[in-house]
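Rule-based calculations on the coordinates, nothing more; no lab input. Bear in mind that the values here come from a model prediction, so they are computed numbers and not experimental data. In this analysis, Cβ positions are derived from the backbone assuming ideal geometry, glycine residues included, and neighbour counts consider all displayed protein chains.
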2 protein chains.
Amino acid sequence: MLDKTTEIERWFRMAWNENVPPFYSSVDVRNAGFKLAPVDTNLFPGGFNNLAPEMMPLAIQAAMSAIEKICPEARSMVLVPENHTRNTFYLTNVARLAAILKQTGLDIRLGSVSPEITEPTRFDLPDGQHIVLEPLRRKGNRVGVDGLEPCAVLLNNDLSAGVPPMLQGIKDQILLPPLHAGWATRRKSTHFKAYDSVVESFAEMLDIDPWLINPYFTHRNQLNFQERVGEESLAEAVDEVLAKTRIKYAEYGIDEQPYVVVKADAGTYGMGIMTVKDASEVVGLNRKQRNKMSVVKEGLQVSDVIIQEGVHTFESIEDAVAEPVVYMIDRYVVGGFYRVHTGRARDENLNAPGMHFVPLAFETPCNTPDCGDRPDAAVNRFYAYGVIGRLAALAASQELEATASVELAA
Amino acid sequence: MLDKTTEIERWFRMAWNENVPPFYSSVDVRNAGFKLAPVDTNLFPGGFNNLAPEMMPLAIQAAMSAIEKICPEARSMVLVPENHTRNTFYLTNVARLAAILKQTGLDIRLGSVSPEITEPTRFDLPDGQHIVLEPLRRKGNRVGVDGLEPCAVLLNNDLSAGVPPMLQGIKDQILLPPLHAGWATRRKSTHFKAYDSVVESFAEMLDIDPWLINPYFTHRNQLNFQERVGEESLAEAVDEVLAKTRIKYAEYGIDEQPYVVVKADAGTYGMGIMTVKDASEVVGLNRKQRNKMSVVKEGLQVSDVIIQEGVHTFESIEDAVAEPVVYMIDRYVVGGFYRVHTGRARDENLNAPGMHFVPLAFETPCNTPDCGDRPDAAVNRFYAYGVIGRLAALAASQELEATASVELAA
């Protein structure tokens, strides 16, 4: 990959010519040594505070470029955060994001859709800063905060609980990302289907096996974990993915046990996830397992799942398993960090509920590979992560285009 | 300036909406403490190798954004360097520039207009790298190198000797920057006239005295230093600028001796420059002084001069006088460095012939001011330099627009 950076960058330039990049995104990447692949793409990234301060200039420059294209005349913007106002870690992300946008020349106000926020409310942050959340208000076809209905509203709320009435039927105002990027509409299987097609073209250009950067997956709908509806169908799907993976492991002489990850097809936050090494494990789940699988964030019932080839994490930091997360604004990689967790095996999901990961910021940026250096030197590893992150962002762009009609029909 | 960064960034965003940024530029800035102003704007910047390696990611990202707008489909580009092929320092700049562009997905080839380059010629650089210069060739209405006539040609040659016939009448090909950005057409006085107008609007927005970021100037044409034609007129001009400066010094209680710098109105490389504290100094120049003033780079005769208010350099590094230089690609500040010279007084020109300056790279970028920090903290000083640099780049943009008709008429 490293001796082809010029071709890769040109390929991306052409691709972004035809696809509108998401305003921002973060991609969980897994590095198995023999394979490097995205496992999740977040269109409402919530960890900007984990990026190294040295990456701020890149983030600011990328945001300038994004804003210039979207609403070059804008003076102000409203940012709609998640509702969990007690999570100061998350609020620090909001503060960081606001700081980045402020440096593009925008006054940023925070409009919350949380029922708890009925008047401007100050939240002190651990780092000594503070933010003020104001209630988001509807005014005709637009939303805003007191005295401001901006040209664009930036959502940092993934709409897991559905689209709040206040945000429905907005006109003459740009929502970033669009509502159908929220988990009320989005499906991981649609994303990875788009990723398949992106990777097909990219792998052809590089003349590599697409599998090396793409996990197998399939999906199943209308399951009911509590009622044990669809268990057989799920077992079949697990078998299918495991079988395909085994063939590849044999082809490449990989001496590891294949596994799959069963995840809610919509939703996030590591709930509704299980790691499976054999189809039999998904049949006859006990009550605890069924409970775990059946509900995701905001109490949503899980009926659709994606069954994805598990990618081992071969990276570790001080003996702890590490999973890279790549952050993008517009088409640009602006940094990343490792999720590091000591208590987990390398085939387990690192974004689990209650997981206390340590963010370890990438110390160098993702756009300066050094061909003279070893392929696994940090600077080159980060470049490769950035490539995978951008492929996933490109898939998200195509996914959003494909699902735009869903929003219009709703 | 620091508590208004949001307004400043918004102002720039609006301004770049209406003005096309030069592909790249570098601006010599002088910081007098009481005053911060550009003294020279280079549209063929030649010191990219002086930027800190940490700034490369910003430069790459900015170049990506520029290329995307100019020729998004381009696979290759030809870069036309200066002819002084024995200056390995300059050639290292060319190598760095090529590396930045390569990382945007372009194959870069170097097409020289030097008569010495008649076939592909390898030059080894002090850092162990090498570059290959190929002869630039004309093919119909386009130029290129063997087997390549790219959509865009990047000039890093300031055309001091005039526009080579090979580059005249190019059609269906983009020259970056356009030919009239070369010193064959460009005049410093036209640039600073555009800067006046840029600063007027900027200063009004910030509610500051424009003089604080703008040096007074006037200009005189059709002088002949050798024949002593126009000495009186020049002395008058010097008097005029000194008098205006004295009034401002009195207004602000500045206890310094005003001075002016007389420079060739076209041209670069610190030739044809003198520092004057009294009008009488330009009358009755001795032979040595007349020789110094009458010729600039490539042996060009000086007949037009700009008489510019001198801005003291109050910055010093280890007791040596230091002049900041800000580098931009497209609308983005991508870094900078200090010219440091121990042998000169702080009212002298630092870009003098034979001057051996020490480049001291800015260690932090120019787009992340820290309002909590002191105004003269490095990060805030660099932000202010970046603002001045961008104002000058904006002036260059307007200057190029105003002089475009000159090129068409030629």
Query raised in the report: Once you mark the trypsin sites (Lys or Arg not before Pro) that are in a DSSP loop and have at most 10 other Cβ atoms within 10 Å, what is the longest gap between them in chain A?
Result: A:172-410
Report summary line: Relative contact order of the stretch B:51-184 (C-alpha contacts under 8 Å, at least 6 apart) in percent is 24 percent
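List the longest stretch of chain A that has no exposed loop site; here a site is one of the GluC sites (Glu not before Pro) assigned by DSSP to anything other than H, G, I, E or B, with at most 14 other Cβ within 10 Å.
Here the longest segment lacking exposed loop sites spans A:117-226.
Treating only the Cβ atoms of Lys and Arg (+1) and Asp and Glu (-1) as charged, compute the dipole magnitude of the protein assembly as shown about its Cα centre; round to the nearest 20 debye.
Magnitude of the dipole: close to 580 debye.
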**Report entry** Extension gain from residue B:361 to residue B:130, taking 0.36 nm per residue of separation minus the Cα-Cα distance
**Finding:** 80.9 nm
Query raised in the report: Taking the Cβ-Cβ separation of residue B:52 and residue A:73 as r and a Förster radius of 45 Å, what is the calculated FRET efficiency to the nearest 0.05?
Result: 0.85
Report summary line: The distance between the Cα centres of the stretch B:74-135 and the stretch A:101-175, in whole Å, is 50 Å
Query - Residue (of B:63, B:179, B:108) at the positive-pole extreme of the stretch B:51-184, dipole from beta-carbon charges - result: B:179
Query raised in the report: Given a cut-off of under 8 Å on Cα pairs at least six residues apart, what relative contact order in percent is computed for chain B?
Result: 22 percent
Report summary line: Measuring from the longest principal axis of the C-alpha atoms of chain B, the long axis of helix B:88-102 (C-alpha) lies at a number of degrees, nearest 10, equal to 60 degrees
Requested in this report: Taking the dipole about the Cα centre of the stretch A:52-184, with the C-beta of Lys and Arg at +1 and of Asp and Glu at -1, give me whichever of A:132, A:95, A:162 is farthest to the positive side.
Outcome: A:162
**Report entry** Calculated from backbone phi, Karplus (6.51, -1.76, 1.60) coupling profile of the stretch B:216-231 in Hz, x at Gly/Pro
**Finding:** 4, 7, 8, 8, 9, 10, 6, 7, 9, 4, 4, 8, 6, 8, x, 4
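Evaluate the charge dipole of chain A about its Cα centre and quote only its size in Debye, nearest 20, assuming +1 on the Cβ of each Lys and Arg and -1 on the Cβ of each Asp and Glu.
1020 debye
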Query - the stretch A:52-184, dipole about Cα centre (Lys/Arg Cβ +1, Asp/Glu Cβ -1), debye to the nearest 20 - result: 260 debye
Query raised in the report: Per residue of B:103-110, what is the mean number of Cβ atoms on other protein chains within 10 angstrom of that residue's Cβ?
Result: 4
Requested in this report: Apply 1/(1 + (r/R0)^6) to the Cβ-Cβ distance of residue A:89 and residue A:146, taking R0 = 30 Å, and write down the FRET efficiency to the nearest 0.05.
Outcome: 0.60
**Report entry** Ellipticity estimate at 222 nm from DSSP helix runs (n ≥ 4, -39,500 (n - 2.57)) divided over chain A, nearest 500
**Finding:** -10000 deg cm²/dmol
Query - Förster radius 45 Å - calculated FRET efficiency between residue B:236 and residue B:405 (Cβ-Cβ, nearest 0.05) - result: 0.90
Report summary line: Candidate cut points under chymotrypsin sites (Phe, Trp or Tyr not before Pro) in the stretch B:209-292, DSSP loop plus at most 15 other Cβ atoms within 10 Å of their own Cβ, are B:252
Query raised in the report: Can you list residues whose amide H is under 5 Å from residue B:302's amide H, if they're 5+ apart or on another chain and H is modeled 1.01 Å from N?
Result: B:295, B:296
Query raised in the report: Any idea what angle helix B:56-70 forms with the longest principal axis of chain B, computed on alpha-carbon atoms, 0 to 90 degrees, nearest 10?
Result: 70 degrees
